[in-house]
1. Any chance you could count how many residues in the stretch 406-437 are surrounded by 23 or more Cβ atoms within 10 Å (Cβ to Cβ) and within 15 Å of residue 32 (Cα to Cα)?
2. Of the residues that make up the stretch 151-166, is at least one touching a helix residue (DSSP H, G or I) at 6+ places or on another chain (Cβ under 9 Å), crowded, with 17+ Cβ neighbours inside 10 Å and more than 20 Å from residue 107 (Cβ to Cβ)?
3. For the structure I just gave you, tell me whether residue 39 is under 18 Å from residue 178 (Cα atoms), touching a helix residue (DSSP H, G or I) at 6+ places or on another chain (Cβ under 9 Å) and surrounded by 15 or more Cβ atoms within 10 Å (Cβ to Cβ).
4. Given the criterion under 21 Å from residue 355 (Cα atoms) and either in the same structural domain as residue 349 (by TED's automatic domain parsing) or modelled with pLDDT under 95 (or both), identify the matching residue among 437, 427.
5. Take the conditions surrounded by fewer than 21 Cβ atoms within 10 Å (Cβ to Cβ), on the phi < 0 side of the Ramachandran plot and in contact with a strand residue (DSSP E or B) (Cβ under 8 Å, 6 or more places away or on another chain) and apply them to residue 202. Does it pass?
6. May I ask you to list the residues in the stretch 336-375 that are touching a residue at least 24 places away in the same chain (Cβ under 8 Å), surrounded by fewer than 21 Cβ atoms within 10 Å (Cβ to Cβ), in contact with a helix residue (DSSP H, G or I) (Cβ under 8 Å, 6 or more places away or on another chain) and over 29 Å from residue 288 (Cα atoms)?
7. Which of the following residues is free of Cβ contacts under 8 Å to residues at least 12 places away in the same chain, out of contact with any helix residue (DSSP H, G or I) (no Cβ under 6 Å at 6 or more places or on another chain) and not assigned by TED's automatic domain parsing to the domain that holds residue 196: 300, 307?
8. Inside the stretch 51-94, can you point out the residues that are part of a loop (DSSP other than H, G, I, E, B), at pLDDT 95 or above and surrounded by fewer than 19 Cβ atoms within 10 Å (Cβ to Cβ)?
């Protein structure tokens, strides 16, 4: 923790708040220092997709929802509970440029689901050398990288870049709004490829100046460090007590890993959310061209990570397409469809794909459709497709040298059990299901609690059960997985041609779109 801050607290009557900005919602929890969750709050929101490959969000919504959620938590919490700290986390890596007052200059550009910077990725790798980029950042440049997105802004929206006084991620901007302190956590910074040197744990200034000259980058701290104390204006807005510590937090997936204690070498976290995310904790840096090597959430730890561009986002899309039936209904129908969805095969690349194929121009495919298929079959095919994507990522991690002693599932998709069972059956691996699957907001709360008291995540969130594979189902899925792996190369060229058509011809309005918040 940052040594400039110290607090004396007692566990009885003390609580912390954790808030996480996700892709489809903001979530908050009020948690006692003993780990008891006293209240939850959620605000749903939507991202903006103004052009193919562009995924953005007005960051002002993040602050509005944090304020609303904090006040709801305080109103719903146990009587007499004193909130002693607040932690924040958020989807990422995101890029938000702000003016000298910290106000957003344009919508935030989101993480790897935003694929606009393909030209900049190719140019930067050609200039710096792909091997050099890999050696310094432990990952290839991809749609997940922030450096190419900064370069895209410099080329297409130079006026925004010229006005930029600050660069933020989602969690660091909320920390700024709460404290006035400008910091970025090391983990998030390690995904701002190629601007961060993983081995040195610092910005690599020569490449910062080459990729985004004139854009100021923040001082670095660790996710569990205290960003500062809650300012009087922020206290008035949120209802919290002025002067309490605000914990910097990190990217939501790593905060989710914290929430289930998946931070030891040999741990693998599977995050079931709008996107599927996998984090393997390793004892030393691991490099793979198909995956992302980063620093971990805590000093001295490292991660090998993978992320699919869509997972729960497809199930939400299908729900809305079918007239918004309840998820329970859809899961029951998918369960009745049985293994293989009556002969359907799906590629879940509805927003391109991140790891392990690293192809922003990949597209979703459903093969084998007949007039006999129903919505339960399609929903089952979507769940199976994401499970096949998980297996593909795990195979890439194993090939890179990662080992798995324990696999922990977390996120909203854990509810109900069907999705996690399909993943266990497809991969042949057992998953631990924790008591609390709240996710990143609980991780943010835990980091806040750890900053002020002696707490243990294993006590906060012990295992509640396991999801074991059915060997007979695994054998059936082996054949279906082979079809899944064959489907992408068989359709790749057509998908790329369609992606180009979706983008429009070079020089179209996509390339010159204004980025102000008023547009």
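1. 0
2. no
3. Criteria not met by residue 39.
4. Answer to the selection: 427.
5. Judged against the criteria, residue 202 is a match.
6. The answer is 336, 338, 339, 340, 342, 367, 374, 375.
7. 300
8. Once the filter is applied, which keeps residues that are part of a loop (DSSP other than H, G, I, E, B), at pLDDT 95 or above and surrounded by fewer than 19 Cβ atoms within 10 Å (Cβ to Cβ), the stretch 51-94 yields only 58.
The values are calculated or read from the model by the stated rules, or taken from the named source; none is laboratory data. These numbers come from a predicted model, not from an experiment. Every residue, glycine among them, receives a Cβ derived from its backbone with ideal geometry; neighbour counts consider all protein chains shown.
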